[in-house]
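Undergrad: Got a structure for you, questions after.
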Amino acid sequence: MICSYCGSKNHMDSENCEFCVAPLKKQRPKMREFIYLEQCELPFGELSLFHTYDLLILLRLVREERTKSYNLMRSVQKGSKLVEIDSDTLAFAESEYRRYTARMRVIEGILIDRMGYKPKRVDDKLLESLRKKVENG
């Protein structure tokens, strides 16, 4: 078996590379064809297998949804002063905002581990430059 990190040959029954001690059976993340918002609900272990590019797209989707949830929450809070709004509606709006905030932090944490920072903004320019680096690779 050939190590995907250093390129040395190893015995087939080895768990780690004999030269660099990297795990031989660990799969490297590959870019996915589609990323959708519901994937943010995956557990940490599965999210950590996503490619960095895919995590950035997912982070952008989660941040957008979090912003929508925040605006809804603020609208409901303001509306409750003008019109009678039940506490369940207000609690739902607040829980959605908290849920997307927590999911955003998980994804940002994985990105910090990989990149050393979390991007303030995930725009097309950042994604395009990363995509070119990956393709030229």
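Undergrad: Figure the gain on full extension for Tyr5 and Arg28 (residue separation times 0.36 nm, minus the Cα-Cα span) and round it to one decimal in nm.
TA: On the way: separation 23, 0.36 × 23 = 8.28 nm, distance 1.02 nm.
This chain segment gains 7.3 nm when fully extended.
Undergrad: Next up: What fraction of the Cα pairs in the chain, stated in percent, has a spacing above 24 angstrom? Please report the intermediate quantities before stating the final value.
TA: Details: 4542 of 9316 pairs.
In whole percent, the share of Cα-Cα pairs in the chain beyond 24 Å is 49.
Undergrad: With a 10 Å cut-off between alpha carbons and a GNM built on the chain, which of Ser14, Ser95, Ser69 moves the most?
TA: Per the Cα network of the chain with a 10 Å cutoff, Ser14 tops the list.
Undergrad: Name the residues of the range 50-72 whose amide N is less than 17 Å from a point 7 angstrom out from the Cα of Arg99 along the C-beta direction?
TA: Counting backbone N atoms under 17 Å from the label point, the list is 61-72.
Undergrad: List the residues whose amide H sits under 5 Å from the amide H of Asn16, counting only those 5 or more places along or on another chain, with H placed 1.01 Å from N in the peptide plane.
TA: It is Leu24, by chain and number.
Undergrad: Among the listed pairs Lys68/Lys120; Lys25/Lys133; Lys30/Lys68, which are separated by more than 20 Å between their Cα atoms?
TA: Working: Lys68/Lys120 18 Å; Lys25/Lys133 25 Å; Lys30/Lys68 30 Å.
Pairs exceeding the cut-off: Lys25/Lys133; Lys30/Lys68.
Undergrad: Tell me, Tyr97, Tyr36 in order of fewest to most beta-carbon neighbours within 10 Å?
TA: Arranged by neighbour count, lowest to highest, Tyr97, Tyr36 become Tyr36, Tyr97.
Undergrad: Work out, step by step, the length gained on full extension between Leu49 and Cys20: first 0.36 nm times the residue separation, then minus their alpha carbon distance; give nm to one decimal. Please list the in-between numbers first.
TA: Values: separation 29, 0.36 × 29 = 10.44 nm, distance 2.16 nm.
Extra length from Leu49 to Cys20 when fully extended: 8.3 nm.
Undergrad: How large is the helix-only mean residue ellipticity at 222 nm for the chain, computed as the sum of -39500 (n - 2.57) over DSSP H runs with n ≥ 4, divided by its residue count, in deg cm²/dmol to the nearest 500? Display every interim value, and only then the final one.
TA: Working: 4 runs with 77 residues, N = 137.
Mean residue ellipticity at 222 nm (helix-derived): -19000 deg cm²/dmol.
Undergrad: At q = 0.28 Å⁻¹, what base-10 log of I(q)/I(0) does the Debye formula yield for the range 15-82 when every alpha carbon is treated as an equal point scatterer in vacuo?
TA: Result of the Debye calculation: -1.16.
Any read-out appearing in this document is the output of simple, stated calculations on the displayed coordinates, not a laboratory observation. Keep in mind that what you see is a predicted model, and the values were worked out from it rather than measured. Don't worry about glycine lacking a Cβ; one is built from the backbone with ideal geometry, like all the others, and counts go over all protein chains shown.
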